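Notes to accompany the following structure.
Nothing in this text is a laboratory measurement; each read-out follows from the coordinates by a stated rule. Keep in mind that this is a model prediction, so the values were computed, not measured. Glycine gets a Cβ as well: all are built from the backbone with ideal geometry, and neighbour counts include every protein chain shown.
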Amino acid sequence: MTAELICVGTELLLGDIVNSNAQFLSRELAELGISVLHQHVVGDNAARLRELAAQARARSELLVFSGGLGPTADDLTKETVAAAFGDPLRFDEAQWRRICDFFARMGRTPTANNRKQAMVPTRGHAIQNDHGTAPGAWFEDETGHCAVLLPGVPREMKAMWAEQVRPLLEKRQSCTIRSRTLHVLGGESSIAGKAAPLFEGENPTAAIYCKTGESEIRVTARAADAAAAQAMCDERIERFRAVLGDAAYDTDVPGLAWTVVRALKERGLHAATAESCTGGLVAQRLTEPPGASEVFGYGFVTYAEAAKQALLGVPAELIERYTVYSGPVAAAMARGALAASGAELAVAVTGLAGPGGALPGKPVGTVYLAGADARSRTLYLYRLALGGYREREVIRARAALWALDALRRMALGLAQPDAVRAGFAAPPDALDI
């Protein structure tokens with residue numbers, strides 16, 4: 001089955017609202033084995049909506065609309081689609097009672113224009129909305145082409161999709177599509193170069209998407225049932241892992257922090273952070289996954305020299321000799337975070353995020369990252385050259401990603417590539433990179 005998504009609302013065109021509905025619906029349709037050929041955003045304009053509905057109906061078997069089902073004059077989706085499918089609307093007393101009951105539960109009274117929302121297809125049927133006032137609608141013509149109309153409010157739309165629309169579509173499908181996402185540290189070009197043959201083929205397919213400091217490889221397979229499609233995805237992902245090694249850090253997770261927190265939990269470890277130029281960004285990322293409090297209890301934001309000395313015990317003479325933007329200070333911050341927190345692992349970040357403040361031999365983007373492992377009394381030190389990115393927030397985000405990966409590698413006992421390794425007792429000069 002082929003489909004098109006049509007999201008209705010002038011506020012979407014103006015950028016006032018992020019169109020998250022299209023992303024959700026595209027993923028849901030893909031899982032059902034329905035190919036999305038086009039996505040559209042159209043304003044609250046009857047002529048343009050009518051033209052688009054006619055074109056989409058001629059091309060695709062399923063049209064999925066979101067938005068434009070409200071009570072006001074510019075909510076035109078239902079009337080327009082009804083005309084396109086030649087299915088007149090009728091007033092439905094049962095839907096009107098549901099709308100009135102919904103308002104009563106909210107302590108409100110419906111107005112006359114809410115009656116518009118109780119209009120439903122004559123040949124088609126309403127899609128019940130138990131989460132708001134606007135019922136959806138299902139239209140279908142003699143050729144089997146159909147249209148699904150859903151509210152634009154994401155909470156209502158997602159619930160109606162799961163409860164009513166998805167089951168209807170599942171009955172019409174003879175195959176299933178499954179997708180899995182492999183998360184890989186590194187840039188798109190280097191990953192594609194290493195694993196180029198694995199991106200070839202029509203089933204499963206593999207596509208790469210670039211993010212800040214990492215990439216996602218989305219593997220999608222089509223099969224007769226979900227188990228077979230899943231197995232095809234898993235086999236291709238294992239082949240990617242074999243080529244990409246430790247840089248491929250996880251599958252189907254929101255981000256690296258989820259992997260780190262799980263690794264810490266599974267090994268009974270605790271982590272601490274000490275941050276200067278990242279301003280608490282590493283700690284923020286670590287606390288996003290649920291249950292992070294089990295493994296993360298201390299995050300030090302020591303932006304000032306005095307804070308580094310008072311909270312982390314960084315010697316003033318070390319700062320004076322090497323500056324705060326140095327390996328010795330990063331290492332001292334990591335050791336201090338361990339001592340203050342009692343954690344087994346710690347990471348520390350200090351550097352020049354810009355736009356000003358460059359020093360001789362240390363341009364903007366110079367960041368020092370230290371990892372400390374109390375179990376082996378080992379320090380790992382990186383000097384990151386991030387000046388090519390220029391933007392302050394990009395430098396900070398990449399530094400935080402490196403810090404999280406250093407924690408992951410320490411927790412899992414993986415190699416720390418490109419790091420200088422030293423013991424806790426190493427003299428500062430050994431860490432002056």
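Starting from the Cα of residue 308, draw a straight line to each of the lysines and keep only those under 30 Å, dropping any in the same chain fewer than 8 residues away. Within the straight-line cut-off, residue 308 pairs with 265, 362.
Which residue, chosen from 330, 83, 407, occupies the Cα position most advanced towards the positive end of the dipole of the chain, where the dipole is computed from +1 (Lys, Arg) and -1 (Asp, Glu) charges on Cβ about the Cα centre? Value computed over the given set: 330. Rounded to the nearest 20 debye, the dipole magnitude of the chain is 500 debye, with +1 charges on Lys and Arg beta carbons, -1 on Asp and Glu beta carbons, and the Cα centre as origin. Prolate is the label for region 226-354, because a/c, from the alpha-carbon gyration tensor with a ≥ b ≥ c as root eigenvalues, is 1.5 or above and a/b exceeds b/c.
Report note on the peptides 415-427, 234-246: ranked by the mean count of other C-beta atoms within 10 Å, highest first, their order is 234-246, 415-427. DSSP assigns beta bridges within the chain; of those with both partners inside it, close to 65 percent run antiparallel. If you take the square roots of the eigenvalues of the alpha-carbon gyration tensor of region 2-170 and sort them as a ≥ b ≥ c, do you get rounded (a/c under 1.5), prolate (a/b over b/c) or oblate? Here region 2-170 falls in the rounded category. A helix-only calculation puts the chain at -11000 deg cm²/dmol for mean residue ellipticity at 222 nm, using -39500 (n - 2.57) for each DSSP H run of at least four residues, averaged over all residues. Helix 392-412 versus the longest principal axis of the chain: what angle, 0 to 90°, nearest 10, using Cα atoms? The angle comes out near 70 degrees. Divide the volume of the convex hull around the Cα atoms of region 176-251 by the residue count and you get 71 Å³ per residue. Per residue, the average separation of C-alpha pairs within less than 8 Å and at least 6 apart gives the chain a relative contact order of 10 percent. A simple packing score, the average count of other Cβ atoms within 10 Å per residue, orders the peptides 115-125, 149-159, 403-413, 37-47 as 403-413, 149-159, 115-125, 37-47, with the highest score first. Rounded, prolate or oblate: which fits region 249-295, taking a ≥ b ≥ c as square roots of the Cα gyration tensor eigenvalues, rounded meaning a/c under 1.5, else prolate when a/b beats b/c? Oblate, because a/c is 1.5 or more while a/b does not exceed b/c. Placing unit charges on the Cβ atoms of the charged side chains and taking the dipole of the chain about its Cα centre, the candidate lying farthest along the positive direction among 120, 395, 233 is 395.
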